[in-house]
Structure formats: structure tokens, C-alpha cells
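Here is the structure we will look at, set down as C-alpha cells.
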Amino acid sequence: MKTRVVRVDPVHPAPGALREAGEVLRGGGLVAFPTETVYGLGADALNPAAVRRIFAAKGRPGDNPLIIHVADRESLAGLVKEVPEAARALMDRFWPGPLTLVLPKAELVPDEVTAGLATVAVRMPNHRVALGLIAAAGVPVAAPSANRSGRPSPTTAAHVWEDLGGRVEFILDAGPTGVGVESTVVDLTGPRPVVLRPGGLALEDLRQVAGEVTVDPALLGREVDRPRSPGLKYTHYAPKAPLTLIEPGPGVAPQVVGEAAWRAVREVLAASPHKPVGLLFLRENLPRHREAASATATAFLLAELNQDAGAPPATVLALEAGPATDPAQVASRLFAALRWFDAAGVAAIVAEGISPEGLGFAVMNRLRKAAGAVVRV
Ligand code: TXA
Ligand code: MG
């Protein structure tokens, strides 16, 4: 299949491009488009055949339901059975935005979208291109993240192309997304809101509006038999190289994380000295790593996300995640960094973790999912 890629301005997208992509959706085709979180892979949510094509293009298990994206509150009426008071308050405050609500589903929504569940996930994205596309299509748009299953969510159109080029009709390219991690998914079908997936909207913000909000036990690292969100049972976001996450306890300083990370890097280098090791580090630790590298005669290459990888063996390929004090910045760079390390062909990745506050909760959730080993400090 030929994939058409059209560049659009993120703030003032050309109506012609949106119309064209909207027609593809109405005709049962697949359109990848930017949202404020990550790129999505859209299909007409009310067309079961089109929705099945999303699963085929992604290689996604059929029992993992999709989020329906709407451009206005009125469109919800046909999709959900009821909107409880708590949901209304959350929409008033946070829509459009990185918040997905799980509500009782209406008859009209095909089982293909919800994987046969009695509930449906809905969200209104805060991105002009997404909103313009949905409006142009004139149908609600089912869209998972636009990656092949098991790959990090795409934060640029180039990532989408890497995974889905030749498998979808249309890609709207509006440059890098802002938030960088997916929306926060909240279940509103019970007596109080439950976070099923931490994401672009911080738990602290949710609680300001919804009061008592609980968190699915699966997110707190405890074993559960049956996760509430079907997506939780899949290992997502895993890069090709094994990732070791350094996880700080409460109040642990970035330099302690940095010291543990460097030890982990040295271990990998000792085990496979002929391949580069990826190090995702906190800004606070750059001087320390440079010093440690020179003290141990280890080649240390400070890389940039927008530069191609290419390194001699026995090298630490270091990418900055952002400052430990700015989880939003770390979130915005996270998935691109994991893809970058994959492209660089590193033997292993060591990632320095941050405190799970604000967007740090989503960052650490995604890193834990990507990690084969976690070192707690
Ligand atoms: O930011 C986002 O949410 C992006 C953009 C494109 O909107 N979308 C996204 O979709 O991340 P996806 O399919 O990659 O993740 C959706 C998550 C999955 O973990 C899925 O299991 C969960 O939402 N989900 C969907 N419908 C659900 C339902 N009815 N009940 C519980 N969980 C649901
Ligand atoms: Mg996804």
C-alpha cells in the first residue's frame, strides 16, 4: 500500500489536508495523526471493518480495546450510556486534554472497538490537527498509539513511518508532539475514579477535581491476577536492547541515581566490551559521568536526539533525559530516546529514573514496563 504523508502546520493546519484525510477515514481507511500526547492511528469508530484494520496494521492483540476520540462533547451522546457527575466535572476541567475516561458503552459502539467490554474509553485530544481531522471526518475516531505493537509510542511522524509506512493510507505530519507520554486513563464506572494508566495528566491534578482517586494496584508494582485495563497485561514500549532502570526511593538525590547507573554501565561494558551501551541520564549527572568515563578510559559520546547514531565499540552513548526536577521534559523525550537507542544498535540501555510525582508517575510507569531489570537505590 502506498502511504501518503502530508505536512501540516500544528496550529493552523490547511483545511484541504484535513478534508482529504477525513475522507480517507470516512471511506474506511487508516489515518495516523498527531495529538498532544503521541501520534494516533485512526479509523472510523463506527465501522467494524475499518477498526479491524487498525489491529492488523499494528499487529495488536484483538482483546486490547481502543480509545474513541471526539472533537466535541455532543458526539459523546451516541457513544456512552451515561455521563456520571464526576466524569462531567473532569471533562469540564481537562478536555480537550490528555485524559481518557472509561464509561459504560452505548449499543452503537462496535465490539471491535471495546474488545467486547461493556465499557468504552473516550477522549477529546488537545491538538488542532486531531480536532480538525475528527471534525472533517464527521465520525468519532478510534485510535490507539500509531506504533507497531510492542514498540514505543510515536512522538514524531518519522516514528510512525518507521513502524507503519506501507500499512496505512495517510500520515498527517505536524512535527513532534508536546506531552510525549499517552493520556491518563481513568475508569469512571465504579463508585470512585480509578486510574488505569498514568499519563499526561498528573494524578495530583485529577485529585484536585475528582477528590478521592484510586490507582489500579497493577500500577503500584504489586502482583494482580487480572489487570482492570486489558492493555496493562502486555509488556509495552520495550526497546530491542535490555533496559536496566535505576529507580530512586523517596528523597534520593539524582547523583545517587547517577552513581548506580554508572556502575550498571560498567557491568554491561565488562560483559560485552565490543558494543556501545546506551545511557539515558539526568542533566544533573552529566559532569559526573564525563569524569567517571575519563577516569576509567571509557569513550563517552554525548548524543543528540536529532542526530543519527553511529559509535565505535566500547562506548557509552549518552542521551540526556532532561533535569530530574522537570518530569514534563523527561516525558516529552522518553519514547524518542528509546527509539534512538534502538536505531543506534546498543547492546543494553541504562536509564536513570526520577521521582514518581507529577508526570514522573507516567515516566516511571513506562520505564518500568520497558525494563528487564530494576535497580532500587
Ligand atoms: O494519548 C493517548 O491515549 C493515545 C492518543 C493517540 O490518544 N492513545 C493511546 O491508545 O495511547 P492505546 O490504544 O495505545 O492505549 C489505550 C489504553 C490501553 O491500555 C487500553 O487497554 C485502555 O486504554 N483501554 C481502552 N479501552 C478501555 C476500556 N474500555 N476499559 C479499560 N481500558 C481501556
Ligand atoms: Mg499504545
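Would you confirm whether any residue within region 357-367 is open to solvent by 20 Å² or more (accessible area, probe 1.4 Å), of a type outside the set (Val, Ile, Thr) and not in a loop (DSSP other than H, G, I, E, B)? Yes, that holds for at least one residue. Do we have GLY40 as over 20 Å from the mean Cα position of the chain (by Cα), in contact (Cβ under 8 Å) with a residue 24 or more places away in the chain and open to solvent by less than 10 Å² (accessible area, probe 1.4 Å) here? In short, no.
Taking first residues from region 351-377 that are under 17 Å from VAL38 (Cα atoms) and modelled with pLDDT of 95 or more and partners that are assigned to a loop (DSSP other than H, G, I, E, B) and of a type in the set (Ser, Thr, Tyr), the Cβ contacts under 6 Å between residues at least 6 apart in sequence or on separate chains come to ARG366/TYR237. Determine, yes or no, whether SER149 is within 16 Å of ligand 2 (Cβ to nearest atom), open to solvent by 40 Å² or more (accessible area, probe 1.4 Å) and touching a Phe, Trp or Tyr at 6+ places or on another chain (Cβ under 8 Å). Criteria met by SER149. Tell me yes or no: at least one residue of region 244-264 is more than 30 Å from VAL11 (Cα to Cα) and at pLDDT below 95. No, because not a single residue in region 244-264 is more than 30 Å from VAL11 (Cα to Cα) and at pLDDT below 95.
Among the residues of region 167-206, the ones that are within 16 Å of ligand 2 (Cβ to nearest atom) and at negative phi come to 14 in all.
When region 97-111 is limited to residues that are open to solvent by less than 20 Å² (accessible area, probe 1.4 Å) and in contact with a Lys or Arg (Cβ under 6 Å, 6 or more places away or on another chain), the one that is farthest from VAL70 (Cα to Cα) turns out to be ALA106.
Taking region 273-299 as the range and being at pLDDT below 90 and in contact with a helix residue (DSSP H, G or I) (Cβ under 9 Å, 6 or more places away or on another chain) as the test, the residues that pass are LYS275, THR296, THR298, ALA299. Counting only strands (runs of 3 or more DSSP E) that fall entirely inside region 146-214 and contain at least 2 residues that are within 11 Å of ligand 1 (Cβ to nearest atom) and within 18 Å of the chain's Cα centre (by Cα), the qualifying elements are 184-187, 194-197. For the criterion of being within 10 Å of ligand 1 (Cβ to nearest atom) and part of a loop (DSSP other than H, G, I, E, B), ASN126 fails.
The numbered conditions (1) open to solvent by less than 10 Å² (accessible area, probe 1.4 Å); (2) in contact with a Leu (Cβ under 7 Å, 6 or more places away or on another chain); (3) within 16 Å of ligand 2 (Cβ to nearest atom); (4) assigned to a strand (DSSP E or B) are all true for ALA57 except (4).
The values are calculated or read from the model by the stated rules, or taken from the named source; none is laboratory data. Note that this is a predicted model, so its numbers are computed, not measured. A quick note on method: Cβ atoms are made from the backbone with ideal geometry, for glycine too, and the neighbour counts reach across all protein chains shown. Quick note on the areas: whole protein, heavy atoms, side chains included, nothing else; ligands and nucleic acids left out. Shrake-Rupley method; radii C 1.70, N 1.55, O 1.52, S 1.80 Å.
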